[in-house]
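Laboratory data are not the source of any read-out in this text; all were calculated from the coordinates shown. Here the structure is a predicted model, which means the values were calculated and not measured. Ideal geometry is used to build each Cβ from the backbone, glycine not excepted, and the neighbour counts take in all protein chains shown.
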């Protein structure tokens, strides 16, 4: 009896033991087979650390090899907070070197984290001082920082990168794929205390450095443009100014800039308004500068010839609006050449009404107004050109003289460039070449596109635009010594934003090309709210030194051996000059 009870107890104990063993075995299967991948991943996450290998960002140069953007070596300081022994003392030592508030550094060291940044992209001299202190829990990463040797000179064009060296705006953003390269990764094992295990490094992905780029920009022309533009904004009390210099035969942008500007090396005092490349991202009503398009269409369609006589009244009623010239005058007789060179609104409107809305719209379309130029820059806008179906009774008149239509400065430069090169569409661009170990590879951007105007039309229109700079023209102050220049002035009242009507303030423009006998360069200047308001009195004299320097800098042969006529003084009162 007693033996039977013992055997029964033993059997129960054995059954319990086997059940326990079964449960342990099942648990082991669950952990090591079914959930093996999950727990292996958790273990790896605790043990392994993935470190990014930042590629070196490509260098950017101008057309002559002058550096516009380059990456310099810097050091990032980080901490493993739980390894820092005396946090208050360590914070004080770090703050004394990097120039920060000790309390701010202490707050980072007390973070509930295994990794915190103390100082991103610190100068290597300061980093070396910290390294010599041998502070427990403080580590260092070698990185690179973007530096712009020209400072504000090309700021709006180059743009900036963020703290991780990724393009944010400008050409840095547009060519991020080329300049940025490919980031690499290294896996590093750490022990229980968080210290790196020597020899545990494992390369997961190799980094690839960014490509070096050469731009079409010329730093000397850029410097001249920005210097004269800044002086003009101050001299004429303008709120802003924009200018462009471009090769009319290739579309190479040699210089482009706006004032006010900024210094991309000083990130803590940036004004978003100063970062805009207004030549590409802003639209405005060009005023009489758009008469180039009206004149081109009228001449090509045979509506007028240069010597066509036009009876110009003192004022003209079109639908419900009465138009006048900038300067009041009695009825007079003018040739079409004089209508353009003296910028008669009435004479231009009379010509446009003879063309009709359909033909007028056709030439706006041909010149690419209302469409992107395709320039390699982020944020380009197309402008606003209403279709004829939306035109009112006065639209043909207002658009003919550059009101009721909005374009970008670069579009206007391309309009002048088309006339200059004999009628071909201009394709503006900044990128010239990629620079690699195998040498310089021209990217083949830009050049000339489809035919916009007949070459004969350009040959007839160019002398008319040259007369704009003559003694009776509105652009006398743009005349350049020893070179023949053609161009057009423009003065346009600014429309109200988001409401009908105009503000009573003005935009002043001059756009021109030279030399007339063998056109090479186009330059345009637009000033926002200058005083006096007239393009011929503010934008034209700003155009002159920029064009003059550019022609001489590029060693373009003069047109003649006599200086240009002296410009008349700027009137102090009103004035009828465009």
Exposure proxy check on 518, 322, 477: fewest-to-most Cβ neighbours within 10 Å is 322, 518, 477
Work out how much length residue 112 to residue 309 would gain on full extension: take 0.36 nm times their residue separation and subtract the Cα-Cα distance, in nm to one decimal. 62.4 nm
Helix 539-553 versus the longest principal axis of the chain: what angle, 0 to 90°, nearest 10, using Cα atoms? 70 degrees
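Determine, for 546, 435, 118, the number of other Cβ atoms within 10 Å of each Cβ, and report the residues in order from fewest to most.
Going from sparsest to densest Cβ surroundings: 435, 118, 546.
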With the contact rule set at Cα under 8 Å and sequence spacing of 6 or more, what percent relative contact order holds for the chain? 14 percent
Measure out, as a whole number of angstrom, how far apart the alpha-carbon centroids of the stretch 208-273 and the stretch 96-111 sit. 39 Å
Between the helical axis of 36-47 and the dominant principal axis of the chain, each derived from Cα atoms, what acute angle in degrees is found, rounded to the nearest 10? 80 degrees
What FRET efficiency comes out for residue 322 versus residue 164 if R0 is 56 angstrom and r is the Cβ-Cβ distance? Round to the nearest 0.05. 0.40
Distance in Å, no decimals, from the C-alpha centre of the stretch 146-173 to the one of the stretch 425-447 is 20 Å
Helix 87-98: inclination vs the chain longest Cα principal axis, degrees, rounded to 10, gives 30 degrees
Order of 482, 82 - criterion: other Cβ atoms within 10 Å of each residue's Cβ, fewest first: 82, 482
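Ignoring everything except DSSP H segments at least 4 long, calculate the 222 nm mean residue ellipticity for the chain; use -39,500 (n - 2.57) per segment, divide by total residues, nearest 500.
Rounded to the nearest 500, the figure is -9500 deg cm²/dmol.
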Here the relative contact order (percent) of the stretch 56-110, from C-alpha pairs under 8 Å and at least 6 apart, is 24 percent
Distance in nm between residue 554 and residue 283 label points, each 7 Å along Cα→Cβ, equals 3.0 nm
Given labels modelled 7 Å from the Cα in the Cβ direction, how far is it in nm from residue 141 to residue 354? 7.1 nm
Could the peptides 104-112, 413-421, 263-271 be put in order, highest first, of the mean number of other beta-carbon atoms found within 10 Å of their residues? 413-421, 104-112, 263-271
Need one number: convex hull volume per residue for the chain, Cα atoms only, in Å³. 255 Å³
Full-extension gain in nm, residue 440 to residue 502, via 0.36 nm per residue minus C-alpha separation: 17.3 nm
